[in-house]
Amino acid sequence: MITLDISKALGKVTKEQVDACASQAKNCNRALENGTGKGSDFLGWLHLPSSITKEEIADIQKTAEKLRTQCEVVVVIGIGGSYVGAKAVIDALSGSFDFLEDTKPVIVYAGHNISEDYLHELLRYLKGKSFGLIHISKSGTTTEPALAFRILKKQLEDTAGKQKAQERIVAITDQSRGALRTLANEEGYKTYVIPDNVGGRFSVLTPVGLLPIAVAGIDLQLFMEGAEAMEKASGSDIPFDQNSAEIYAVVRNELYKSGKKIEILANFHPKLHYVSEWWKQLYGESEGKENKGIFPASVDFTTDLHSMGQWIQEGERSIFETVISVANPRCCVEIPCDERDLDGLNFLAGKRVDYVNKMAELGTQLAHVDGGVPNIRISLPELNAYYLGQLLYFFERACGISGYLLGVNPFDQPGVEAYKKNMFALLKKPGYESLLL
Ligand code: PA5
């Protein structure tokens, strides 16, 4: 199992303080399980790992295989919870330079911004290539992905013909409502359903995440088994002192109460960059409301030690750090001996690069804790589908508990509508004219 170490987070917060919150955390976890807390209409994610069937996984794999054989490139179109979970898993488990190799299909993303340059460059890249589209939108009306889909669908139909385009488009959306559902039904696209009771940021373990992940050739079965192991390990029947999701939720809330308003998720592996992006959406959108909530930030070390390192070490003491630590790398690179030793690195000859990374990790922890930054550590034995499944479910479960501890509804996002209303008014979208600024 992945493990949680809070020993370096204590100081501002004591072990007694943490233990004193055990029953409150248990109640919050039970409220999730019993559906008695705020936002209980959106708890469909809770038992996804244990309830997905072999047939469902096989069907997703079959569609993925079809796209893999038919397409050189698959474009995943979606924004927020409708793309970032898939990207987090795919990036974490793919080779850093796969995109330069002959690995097919290449997976690219669209609909997560409205940059004209981005779309133009994507259309140019796709020219002359066989490509497919996975369009993910629960509402089916989100502007960014709808715009990208309209443009990409046209290019696909123009180049491959309507029939081939229809075979290479998959829509993941609401069961019966929304523009995308209507279009998919009319055009006969293969579709998957985003359950009504699963919000975007909690949807990575539905077809929203699973189809792109399978297209990338990642073992879905193993991924879901990992998530299931964590579903069991974070249940309210597991005692508090063994329940890492409950402990993490308590510690971050106690740190918040003690004035630590910012949580920085740090990693020492660039592949984890998008896991942090996913985590930021999960916690930011779930807790940032009613003028409350920890601000979730992230850094990639050691890269950012050469930029943000100064702020973290000596800036305002309003932060704490949560480090995702990976025990064993997948590959091995040994440091060679150099005859001239001009860089003075021969003292490391024969050692692994990961050994240096680990010492950087330890040295950073000691320095930051010394500098007044409490440190929480989440350790993965290695970066594979099983432990990543565990990690994502761990964060989801802890997020639900943490939101309840904070006293907010972790499953709504009323604040994200504000920019949309203004944008639609400025664009003179029918029905929004009266809101003109
Ligand atoms: O978590 C959320 O609800 C959001 O991030 C949505 O996933 C995002 O806004 C996209 O919405 P939709 O899937 O309806 O296009």
- request: Hey, could you check segment 130-155 for residues that are in contact with a Ser or Thr (Cβ under 7 Å, 6 or more places away or on another chain) and modelled with pLDDT under 95 and say which is farthest from the ligand (Cβ to nearest atom)?
  value: G140
task: Having 2 or more residues that are of a type in the set (S, T, N, Q) and on the phi < 0 side of the Ramachandran plot is the bar; report the helices (runs of 4 or more DSSP H) wholly within segment 50-159 that clear it.
output: 54-70
task: Can you tell me which residue within segment 54-79, out of those that are within 16 Å of the ligand (Cβ to nearest atom) and buried (at least 24 other Cβ atoms within 10 Å of the Cβ), is farthest from the chain's Cα centre (by Cα)?
output: V75
task: Can you confirm whether segment 204-220 contains a residue that is under 13 Å from W45 (Cβ atoms), touching a Ser or Thr at 6+ places or on another chain (Cβ under 8 Å) and in a loop (DSSP other than H, G, I, E, B)?
output: no
- line: Pairing a residue in segment 301-317 that is of a type in the set (S, T, N, Q) with any residue that is part of a helix (DSSP H, G or I), where Cβ atoms lie under 7 Å and the two sit 6 or more apart in sequence or on different chains, gives T302/A360; Q313/A367; Q313/H368
- request: Kindly provide the set of residues from segment 113-126 that are in contact (Cβ under 8 Å) with a residue 12 or more places away in the chain and either away from the ligand (no atom under 16 Å from the Cβ) or under 28 Å from L222 (Cα atoms) (or both), ordered by number.
  value: L119, L122, L123, Y125, L126
statement: Among P195, P207, the single one that is over 30 Å from G309 (Cβ atoms) and either in contact with a strand residue (DSSP E or B) (Cβ under 7 Å, 6 or more places away or on another chain) or among the polar types (S, T, N, Q) (or both) is P207
task: Under 8 Å between Cβ atoms, at least 6 apart or on separate chains: pull out the pairs that start in segment 80-101 with a residue that is under 30 Å from T141 (Cα atoms) and end on any residue that is hydroxyl-bearing (S, T, Y) and in a helix (DSSP H, G or I).
output: V84/Y274; K87/Y274; A88/Y274; D91/Y274; A92/Y274
- prompt: Mind checking which residues of segment 169-205 are away from the ligand (no atom under 11 Å from the Cβ) and either touching a Leu at 6+ places or on another chain (Cβ under 7 Å) or within 14 Å of Q61 (Cα to Cα) (or both)?
  reply: I169, V170, A171, K190, T191, Y192, N197, L205
field: Only one of S115, S50 that is small (G, A, S), modelled with pLDDT of 95 or more, surrounded by fewer than 22 Cβ atoms within 10 Å (Cβ to Cβ) and closer than 27 Å to G400 by Cβ
entry: S50
task: Select from segment 405-423 the residues that are in contact (Cβ under 8 Å) with a residue 24 or more places away in the chain and over 21 Å from the mean Cα position of the chain (by Cα) and write down the one among them that is nearest to T142 (Cα to Cα).
output: K420
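The values are calculated or read from the model by the stated rules, or taken from the named source; none is laboratory data. Note that the structure is predicted; figures quoted are calculated from it, not measured. For neighbour counting, all protein chains shown are included, and Cβ atoms are generated from backbone atoms with ideal geometry for every residue, glycine included.
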